[in-house]
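Beneath this line is the structure, given in C-alpha cells, with notes to follow.
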Amino acid sequence: MPGKRGKSADERWSGRVTRESNALDLEQGVFTWQDPKRIALSLRRSAERSDRRKAEPFRSAMSMLVFYINRAGRNLNRKQLRVLEQAKEELRMLYGKR
C-alpha cells in the first residue's frame, strides 16, 4: 500500500503513556537502566509520591513495569528484558510480596 509505514515511537500511544503517565512521574530513562534494584527503587519512589494513582503503590509500580515490558515486545533485547524481569522480583521484595 502506498504511503503505509510504521509509526515512530513518538506517534504510538504506548510511548506516550510511558512518557506522560497520568499516574506516575517516572525518572527519565528508568526502563533503560542496567541495575534492577535501582529500577525497582525508582518505581517505588514514583508510586509512593504520586497522588494521582488509582491503585496501591505496589500495583501501580508493577503495572507500569509490566506495561513497558509488554509494549516494548520484540524490540526489547534479551539482556534488558532480563534486567526488567529482575526488577519485577526486586519490586516484589521491596513490598514484601514474595
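A few notes on this one:
- Phi-based couplings in Hz for the range 88-98 (Karplus 6.51, -1.76, 1.60; Gly and Pro marked x): 4, 5, 4, 4, 4, 5, 4, 9, x, 9, 7
- Relative intensity, log₁₀ I(q)/I(0), of the range 45-92 from a Debye sum that treats every alpha carbon as a point, q = 0.29 Å⁻¹: -1.05
- Cβ crowding within 10 Å ranks R74, R52 as R74, R52, fewest other Cβ atoms first.
Rule-based calculations on the coordinates, nothing more; no lab input. Since this is a predicted model, take the numbers as computed values, not measurements. Using ideal geometry, Cβ is built from the backbone for each residue, glycine included, and neighbour counts are taken over all protein chains shown.
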